[in-house]
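Everything below concerns the one structure shown next.
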Amino acid sequence: MTISRSMSFMVRLAGPEDRLAIVAAVAELLPGVDVARRHRWLYEENPHGPALTWIARDGATGHVAGMTSFFPRCIVAQGREATAALGGDCYVRPAFRRRGIASALHGASRRDMSRLGIEVKFGTPTPGNVTPLAQHRTHDVVEVVRYVRPVGAAALRLSPRLDFAVRRVLQPRSRGLALDAFRERDPRVDRIWEQTRSELGIATVRNAEFYDWRFRRSPSQRQRPFVVLERGRPIAACALERVGRRLCVIDLLAPRRAWSSALTAIAAAANDCDTVEVKLTRADASTRDMWRRGFVARNAKVLNVMLPEGSPHEAVYFDGTRWFFTWSESDVDHHLG
């Protein structure tokens, strides 16, 4: 076990005895969330493995000063399966800030990666984590962008009286396409994953087990999974969340030949929404011709990647063109922007 010490705090990998302290810290980070239920789902029930958490405690009092977590992700990386982790729940309590605790937490996690079998850690860090992460040789590899397709008058700032006419132009018709509810461990998603995995450079394994856990059993139940059918034949899987009058595509799994049809089916189902939105890396969106499909770029974040010391995989993971990344790569189960 790696233990980092300073004159004021100690950082170590958390154990079962730290569970209540971790839940209490996350409750401060995410007020209003049922953190006990979220902890069971995200920290304990993840089919890719239980979460790994590093905790910082005050050296004098033993009080929790901060924490950060890795949420395991089985990935394919250039056709090879590996164990990765999504970084999240990094939090330093206000009374302990500006003491280098966030940097110490990230440093301890990086030192433990090889021992724990984590080949790469990735995520889109919050502004407060950018500097602490950069101190440990992390790399911003590509922009992750929100792409928006208008389907209603309000998205174009037009009068509501024009909404019907605008939808006739912008909202596609289904033409044999339909969204069918995802079933428990739906085998159709396993087949779609097998058809798609070879086309993805670096991506989380999106099989039926993952979809079942990530969406069907999520605490908030706001992100609903579907299978896209074309004349009754499954061609894609997706997860959708309505946020006001926005239809957010939290995930879309489809071989490239079915990508356009899947987006058409989703947009055709957005009857009471003004926009359809999807998050992809800028490089991936370019290869998928998202602008030709009516999507325009809006705000962006960066995908940040951490590798253990001496990793032989820098050429793969630091190449932003390889990453497939959607809103599903998050430590929250409802849309935050």
Which of the residues belonging to the range 215-270 are polar (S, T, N, Q) and in contact with a helix residue (DSSP H, G or I) (Cβ under 6 Å, 6 or more places away or on another chain)? Gln223
For the range 267-322, which positions are under 17 Å from the mean Cα position of the chain (by Cα) and within 21 Å of Pro150 (Cα to Cα)? Glu277, Val278, Lys279, Leu280, Thr281, Arg282, Asp284, Ala285, Asn299, Ala300
Search the range 295-337 for residues being part of a loop (DSSP other than H, G, I, E, B) and polar (S, T, N, Q), and hand back the single one that is farthest from Leu86 (Cα to Cα). Ser311
Considering only the range 275-287, I want to know if a residue exists there that is surrounded by 15 or more Cβ atoms within 10 Å (Cβ to Cβ), part of a loop (DSSP other than H, G, I, E, B), at pLDDT 95 or above and in contact with a strand residue (DSSP E or B) (Cβ under 8 Å, 6 or more places away or on another chain). no
Single residue of Glu81, Glu44 found to be over 14 Å from Lys121 (Cβ atoms), among the acidic types (Asp, Glu) and free of Cβ contacts under 8 Å to residues at least 60 places away in the same chain: Glu44
Output the qualifying pairs, or none if there are none: Cβ atoms under 6 angstrom, residues six or more apart or on different chains, first residue in the range 113-136 and within 14 Å of Cys90 (Cβ to Cβ), second residue in a helix (DSSP H, G or I) and not basic (Lys, Arg). Pro125/Leu133; Pro132/Ala102; Pro132/Ser103; Pro132/His106; Leu133/His106; Gln135/Ser103; His136/His106; His136/Gly107
Just checking, how many residues over the range 314-323 are out of contact with any His (no Cβ under 7 Å at 6 or more places or on another chain), in contact (Cβ under 8 Å) with a residue 40 or more places away in the chain and either closer than 22 Å to His136 by Cα or surrounded by 20 or more Cβ atoms within 10 Å (Cβ to Cβ) (or both)? 6
Cβ pairs under 6 Å, 6+ apart or interchain, first in the range 227-248 and at negative phi, second among the acidic types (Asp, Glu) and crowded, with 16+ Cβ neighbours inside 10 Å, ordered by first then second residue, are Ala239/Asp251; Arg245/Asp274; Arg246/Glu277; Cys248/Glu241; Cys248/Glu277
Tell me, which residue of the range 1-10 that is touching a Gly at 6+ places or on another chain (Cβ under 8 Å) and part of a strand (DSSP E or B) is modelled with the lowest pLDDT? Arg5
Scanning the range 165-189 for residues that are in contact with a strand residue (DSSP E or B) (Cβ under 7 Å, 6 or more places away or on another chain) and not aliphatic (A, V, I, L, M) gives Gly176, Asp180, Phe182, Asp186, Arg188
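Yes/no per residue for (1) under 14 Å from Pro125 (Cβ atoms); (2) in the same structural domain as Phe122 (by TED's automatic domain parsing); (3) surrounded by 14 or more Cβ atoms within 10 Å (Cβ to Cβ); (4) in contact with a strand residue (DSSP E or B) (Cβ under 6 Å, 6 or more places away or on another chain):
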{"site": "Met290", "(1), (2), (3), (4)": "no, no, yes, yes"}
{"site": "Phe295", "(1), (2), (3), (4)": "no, no, yes, yes"}
{"site": "Arg298", "(1), (2), (3), (4)": "no, no, no, yes"}
{"site": "Lys301", "(1), (2), (3), (4)": "yes, no, yes, yes"}
{"site": "Asn304", "(1), (2), (3), (4)": "yes, no, yes, yes"}
{"site": "Glu309", "(1), (2), (3), (4)": "no, no, no, no"}
{"site": "Pro312", "(1), (2), (3), (4)": "no, no, no, no"}
{"site": "Trp327", "(1), (2), (3), (4)": "no, no, yes, yes"}
{"site": "Asp333", "(1), (2), (3), (4)": "no, no, yes, no"}
Might you let me know whether the range 85-95 holds any residue that is surrounded by 17 or more Cβ atoms within 10 Å (Cβ to Cβ), in contact with a Pro (Cβ under 6 Å, 6 or more places away or on another chain), under 26 Å from Ser218 (Cα atoms) and not β-branched (Val, Ile, Thr)? yes
Within the set of pairs 6+ apart or on separate chains, which have a first residue in the range 20-37 that is touching a residue at least 24 places away in the same chain (Cβ under 8 Å), a second that is assigned to a loop (DSSP other than H, G, I, E, B) and hydroxyl-bearing (Ser, Thr, Tyr), and C-beta atoms under 7 Å apart? none
For the range 118-204, list the helices (runs of 4 or more DSSP H) that sit wholly inside it and hold at least 3 residues that are closer than 18 Å to Ala239 by Cα; which are they? 187-196
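The values are calculated or read from the model by the stated rules, or taken from the named source; none is laboratory data. As the structure is a computational prediction, the values presented were derived from the model and not from experiment. Cβ coordinates were reconstructed from backbone atoms using ideal geometry, including for glycine residues, and neighbour counts include every protein chain displayed.
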